[in-house]
Amino acid sequence: MENGHGGSKHRVAVIGSGNWGSVASRLLASNTAKLPSFYDEVRMWVFEETLPTGEKLSECINRANENCKYLPGIKLGTNVIADPDLESAVKDADMLVFVTPHQFVEGICKKLVGKLRPGVQAISLIKGMEVKMEGPCMISKLISDTLGINCCVLMGANIANEIAVEKFSEATIGYREDKEAASRWAKLFTTPYFLVSVVEDIEGVELCGTLKNIVAIAAGLVDGLDMGNNTKAAIMRIGLREMRAFSKLLFPSVRDNTFFESCGVADLITTCLGGRNRRVAEAFARNGGKRSFDELEAEMLHGQKLQGVSTAREVYEVLTYRGWQELFPLLSTVHEICIGQLPPTSIVEYSEHTPNLSIIGGSTPCY
Ligand SMILES: NC(=O)C1=CN([C@@H]2O[C@H](COP(=O)(O)OP(=O)(O)OC[C@H]3O[C@@H](n4cnc5c(N)ncnc54)[C@H](O)[C@@H]3O)[C@@H](O)[C@H]2O)C=CC1
Ligand SMILES: O=C(CO)COP(=O)(O)O
């Protein structure tokens, strides 16, 4: 296939080298090495840092073929090349995979303006959103708008450490209009242990991945309060319902079926059982909310980043601005707990503050 650059092969670069970024690079590199329509090499942009040994992270990755900090013990494939220079990492690529914590993507995109080859296609694996003066902005749109390129999304029940050791997982690619691009991404990501489906509902897929991180914080709080499985299941059910309602209010085109894909209920379940948001929220509740999420994140995750706390704040801004707070007691309460305005126990309390919790927790639909 002609790729727009006078050649028939595609070249892949990954922007991000954290926990999922490293695993995604490994997975992609295993496929580019096999598929004739891709160049073998996968260049992975590294946000450079110096390790306690004094070695640079990018040098350590290229020497050991492992991400010594964010994914130790896993060989990435010799065709993964770490590159600390953003411009150099992307300059030859026509397929860009964005996978950084969401708070950094805007700054990265600004640095890439005017630096990309014509005809570049992108995909975002980033779970999160930005809130601008004009309103909420999904990360794929931020990438598309800033760089003037098409951007699909890939979300799913994808705890990176499990995919790193090739345990079977599924994922969902969301796209808008350009099905051919989405199919090319699906081919590039699919392996026998990583099955990818494609749906024409980019907002639905991306909002599932984004919002489930808030519900995972709620699930972690319930774990930290030792409330048991029934309560956690209730939180997940209520959370899923709020996720769907919020998504459809923001984007009426969002489809119900998307919530039954890997990006929907499956990602919600895996993150509420085994994710980092859940784990840190459990510690937060066990400490009675006395140690902040920032402090616990730094202590427990060693440089990896939580997305749920900032996403809860961003969603809360949308809820307050639009006067939707009472419709979404779970999403609102998680933010108020995260900032210390409410105690962790409020996650299951029927308080004056959350008058609709009784409605939403019961059988009467409130939307
Ligand atoms: N880890 C996982 O299991 C999964 C993560 N995701 C999503 O993928 C995205 C990326 O997550 P991870 O790769 O796990 O990252 P991570 O949580 O390991 O984050 C650390 C990364 O952030 C980088 N970083 C730190 N400061 C930076 C700065 N100022 N500018 C740019 N980069 C900086 C670090 O170098 C490192 O690469 C997130 O949106 C996450 O929700 C999605 C599925 C699974
Ligand atoms: O998105 C994830 C799994 O699909 C990972 O979630 P955490 O960031 O909570 O670990």
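Quick look at the numbers
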{"quantity": "Per-residue ³J(HN,Hα) for segment 31-47, Karplus 6.51 cos²θ - 1.76 cosθ + 1.60, θ = phi - 60°, Hz, x for Gly and Pro", "calculated": "7, 4, 5, 9, 8, x, 7, 10, 5, 4, 5, 10, 8, 10, 6, 10, 6"}
{"quantity": "Aspartates and glutamates whose Cα lies under 18 Å from that of K132, excluding same-chain neighbours fewer than 8 positions away", "calculated": "E106, D145, E203, E206, E314, E317"}
{"quantity": "Residues whose placed amide H lies under 5 Å from that of N67, excluding near-sequence neighbours", "calculated": "I74"}
{"quantity": "Accessible area of the chain belonging to carbon and sulfur atoms, whole % at 1.4 Å probe", "calculated": "52 percent"}
{"quantity": "Cα-based Rg / Dmax (Å) for segment 254-318", "calculated": "13.9, 40"}
{"quantity": "Convex hull per residue volume in Å³, alpha carbons only, for the chain", "calculated": "131 Å³"}
{"quantity": "Cα-Cα over 20 Å, subset of K69/K305; K179/K248; K115/K141; K34/K187; K91/K111", "calculated": "K179/K248"}
{"quantity": "Nonlocal amide H pairs with F38, under 5 Å, H built at 1.01 Å", "calculated": "H10"}
{"quantity": "Two-decimal ratio, segment 221-344, of alpha-carbon radius of gyration to 2.2 N^0.38 Å", "calculated": "1.06"}
{"quantity": "Per residue solvent-accessible surface (Å²) - the chain, probe of 1.4 Å", "calculated": "42 Å²"}
{"quantity": "Normalised contact order of segment 157-311, rounded percent, pairs of Cα under 8 Å and 6 or more residues apart", "calculated": "29 percent"}
{"quantity": "Neighbour-limited loop hits for chymotrypsin sites (Phe, Trp or Tyr not before Pro), segment 159-240 (at most 16 other Cβ within 10 Å; DSSP other than H, G, I, E, B)", "calculated": "F168, Y193"}
{"quantity": "Neighbour-limited loop hits for GluC sites (Glu not before Pro), segment 122-170 (at most 16 other Cβ within 10 Å; DSSP other than H, G, I, E, B)", "calculated": "E134, E166"}
{"quantity": "Per-pair calculated FRET efficiency, R0 = 35 Å: A234 and T53 via Cβ, rounded to 0.05", "calculated": "0.15"}
{"quantity": "Percent antiparallel among DSSP beta bridges (both partners in segment 10-200, rounded to 5)", "calculated": "25 percent"}
{"quantity": "Using distinct alpha-carbon pairs, which all enter the 1/r mean, Kirkwood radius of segment 181-252 in Å", "calculated": "14.2 Å"}
{"quantity": "Loop-located GluC sites (Glu not before Pro) in segment 19-87, at most 15 other Cβ atoms within 10 Å (DSSP)", "calculated": "E48, E49, E55"}
{"quantity": "Cα-Cα pairs of segment 25-178 separated by more than 22 Å (percent)", "calculated": "46 percent"}
{"quantity": "Contour excess over end-to-end distance, with Cα ends at D92 and E177 and 0.36 nm allotted per residue", "calculated": "28.0 nm"}
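The values are calculated or read from the model by the stated rules, or taken from the named source; none is laboratory data. Note that the coordinates shown come from a computational prediction; the quantities given were computed from them, not determined experimentally. Ideal geometry is used to build each Cβ from the backbone, glycine not excepted, and the neighbour counts take in all protein chains shown. For accessibility, only protein heavy atoms count, side chains too; no ligands or nucleic acids. Shrake-Rupley method; radii C 1.70, N 1.55, O 1.52, S 1.80 Å.
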